[in-house]
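Q: Pasting a structure here, questions to come.
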Amino acid sequence: MTPFRSTCRVAAISLGAFLLASAAHAQDEPFRPEVGTFPPLEMAHSYRGELTFVDHPNRRGSLRVQGEGMFFRNDPHPFALLPYGVVRYHGAPADLRDIPLGTVLHVRAFLPPEPEISAVPVLPVDNKSKDANHNRGAGIFPAENHVLLLEDEPSHCRREGLVWNLKEVDLNNHAGTIVARRGPKDGQAGEAGEETLTFDAATRIWLGRELLGVEDLVANGLWPASGKKSLDGQAVLLGITWKPTPDGVFTRFHISDIWLDDAAIERAARRQTETHKAFIRSRWMPAWVDAVEYGKFGRATVTATLFGGMDDSLLADFQKNVGVHMNPVENTLKHTHGAYGPSHMASRGTLVDVAKTDGEAPLGSSGVQIRFETDLIVEGIRPGRVVRVRPANWPQVQVPREEYLGDGSPEDRFPTPDIFPKY
């Protein structure tokens, strides 16, 4: 076995041992990931909330986190995606820019790995247990604001093997409420209680290839024109958002989409997958550097692990003897080293080996490790640093100015009002 493949196997074995050891720990124990390792999902803190703000070039945003109190009173809480953080939308890979504001998302997050360079506020480690007062309750400002997994409701349900069972609809003028319960797809009793959710005439209802509205279900006699009707536990997937609720109800979520069958959600997943594939091909595959073997006159061989959350067809483009470009990036995955975009100063070379780790890769890792030879390695391609890699058959395009750093000044990373034109 070559040292390269042996490294992959040892990493997988070490990860398995670590997961077994960590299984005894409570999920909510404070846990700070180490730089250069993929943290176990089991050690993440879980919460959910409404997406209220997105800064997609810097892979950060804000969530109104659900707590014990009045949801509408909760201030938006900043979060940042880890470099290897995975985003899922409609059961498919996604970027933050793909998710509409108002979407309710499930979060698995950690303390900042490097607090001194955190892109969002660093909070006391016990912040999730503090009461925010003013009828907001505890848990709405967790210090675990560096996200490993961010997923919408259908993505969460598909990953966990859950469905929503619709109990009853109450309809008036194409709007109303649905009583539903989320539980295991196999029909066994779940822990979640029944929820009452709102819907309206804008709610999208998907059946196979068709996009329906509430009026279509009424016309077909499936829902009443007015009043209540039992839905007999019909199993569906729901897209969930939040909007201000009348009648003095402080926390009630809203249904944006209903997928009535597997064919409908599979079509939504395929559309989102194609969107994400095009995005990654234009921005390059993120990875981090495991090792660098330096040669003479700028030559080097770089070993790197490609990040996960990607469609398999993207990983398949990394083949032995394929030419690639590699460029250093910041932890936000913004390109550095070059005033004209990622290709300006990228190291160029050839893949000399591609290997898959034994066993299941941890979330955030693709399990694919590459070796890349270049005759001119650039500063920033060092062990533990994050890079992006472009196979030769991917398009070579110029990314928009906000997605690369140029000279790397703080103003580039977090723009000030001075970026706006003077009129």
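The values are calculated or read from the model by the stated rules, or taken from the named source; none is laboratory data. Given the structure is predicted, the values throughout are model-derived calculations rather than measurements. Cβ sites come from the backbone with ideal geometry, for glycine too, and all protein chains shown count toward neighbours. When the accessible area is computed, the model is the full protein with side chains, heavy atoms only, and any ligands, DNA or RNA have been set aside. Shrake-Rupley method; radii C 1.70, N 1.55, O 1.52, S 1.80 Å.
Q: Just grab the label-to-label distance for residue 75 and residue 101, each label 7 Å out from Cα along the Cβ direction, in nm (one decimal).
A: 1.9
Q: So, one more: Summing Lys, Arg as +1 and Asp, Glu as -1, what charge do residues with Cβ under 13 Å from the Cβ of residue 106 carry, residue 106 excluded?
A: On the way: positive: 48, 88, 108, 158, 159, 182; negative: 50, 151, 152, 153, 160.
Overall, the nearby charge balance is +1.
Q: Ignoring the sites themselves, what is the longest stretch of the chain with no GluC sites (Glu not before Pro) in a DSSP loop and at most 15 other beta-carbon atoms within 10 Å?
A: Values: sites that count: 34, 68, 191, 194, 360, 379.
Longest gap between qualifying sites, sites excluded: 195-359.
Q: Next question, about the same structure. What is the sum of charges, Lys and Arg at +1 and Asp and Glu at -1, for the other residues whose Cβ falls under 10 Å from the Cβ of residue 388? The partial results should precede the final answer.
A: On the way: positive: 283, 334, 390; negative: none.
Neighbourhood net charge equals +3.
Q: Give the range of the longest stretch in the chain that excludes all trypsin sites (Lys or Arg not before Pro) found in loop regions by DSSP and having at most 16 other beta-carbon atoms within 10 Å.
A: Numbers: sites that count: 130, 185, 209, 296, 299, 320, 422.
Here the longest segment lacking exposed loop sites spans 1-129.
Q: Mind checking the log10 I(q)/I(0) for the chain at q = 0.08, 0.10, 0.14 Å⁻¹? Debye, one equal scatterer per Cα, no solvent, two decimals.
A: Computed log10 I(q)/I(0) values: -0.50, -0.77, -1.32.
Q: Using a 1.4 Å probe on the protein chains only, how many percent of the accessible area of the chain belongs to carbon and sulfur? Don't skip to the answer; put the middle values down first.
A: Numbers: 10260 of 19640 Å².
Carbon and sulfur together cover 52 percent of it.
Q: Oh, and also: So, counting K/R as plus one and D/E as minus one, what does the shell of residues with Cβ under 12 Å around residue 56 add up to?
A: Working: positive: 59, 60, 97, 283, 334; negative: 55, 95, 98, 402, 403.
After counting each charged neighbour, the total is 0.
Q: Identify all lysines with a Cα-Cα distance to residue 130 below 29 Å; exclude those on the same chain that are fewer than 8 residues away in sequence.
A: 243
Q: Charges on Cβ only, +1 for Lys and Arg, -1 for Asp and Glu, centred on the Cα centroid of the chain; of 138, 225, 338, which one is farthest towards the dipole's positive end?
A: 338
Q: Residue 228: which lysines have alpha carbons under 21 Å from its alpha carbon, excluding same-chain residues fewer than 8 sequence positions away?
A: Answer for residue 228, where 21 Å is the Cα cut-off: 167, listed by chain and number.
Q: Which residue, 147, 100, 112, has the largest displacement toward the positive end of the dipole of region 65-149 when charges sit on each Cβ (Lys, Arg +1; Asp, Glu -1)?
A: 100
Q: So for 345, 70, 43, what's the accessible-area order with a 1.4 Å probe, most first? Numbers along the way, then the final one.
A: On the way: 345 95, 70 35, 43 10 Å².
Descending order: 345, 70, 43.
Q: Could you calculate the FRET efficiency of residue 271 with residue 393 from 1/(1 + (r/R0)^6), where r is the beta carbon distance between them and R0 is 22 Å, rounded to 0.05? Could the numbers behind the result be given before it?
A: Working: r = 23 Å, r/R0 = 1.05.
Working from the Cβ atoms, E equals 0.45.
Q: Next question, about the same structure. What's the magnitude of the charge dipole for the chain around its Cα centre, counting Lys and Arg as +1 and Asp and Glu as -1 at the beta-carbon? Answer in Debye, nearest 20. Display every interim value, and only then the final one.
A: Values: 46 positive and 54 negative charges, 176 e Å.
Charge dipole of the chain: 840 debye, to the nearest 20.
Q: Express the Stokes-Einstein translational diffusion coefficient of region 79-127 in µm² s⁻¹, to the nearest whole number, given a Kirkwood radius over alpha-carbon pairs, 37 °C and a viscosity of 0.692 mPa s.
A: Working: Rh = 12.7 Å.
The estimated diffusion coefficient comes to 259 µm²/s.
Q: Okay, moving on. Over the chain, what is the relative contact order in percent, taking alpha-carbon pairs closer than 8 angstrom and at least six residues apart? Please list the in-between numbers first.
A: On the way: 961 pairs, mean separation 64.8, N = 423.
Here the relative contact order equals 15 percent.
Q: Here's another thing I want to ask about it. Given the Cα-Cα distance of residue 226 and residue 53 and 0.36 nm per residue of separation, how much length would full extension add, in nm?
A: Details: separation 173, 0.36 × 173 = 62.28 nm, distance 3.66 nm.
Full extension of this stretch gives 58.6 nm more.
Q: Now for a different question. Need the list of lysines near residue 320 for cross-linking: C-alpha distance under 27 angstrom, and skip anything on the same chain fewer than eight residues off.
A: Result set, ordered by chain and number: 277, 296, 334, 356.
Q: Also, quick follow-up: Taking only the Cα atoms of region 262-374, how large is their convex hull per residue, in Å³?
A: On the way: hull volume 14.2 nm³, N = 113.
Spelled out: Cα convex hull of region 262-374, divided by residues, is 126 Å³.
Q: Quickly work out the residue 297-to-residue 175 label distance, labels modelled 7 Å from Cα along the C-beta direction, and quote it in nm with one decimal.
A: With each label placed 7 Å out from Cα toward Cβ, I get 7.3 nm.
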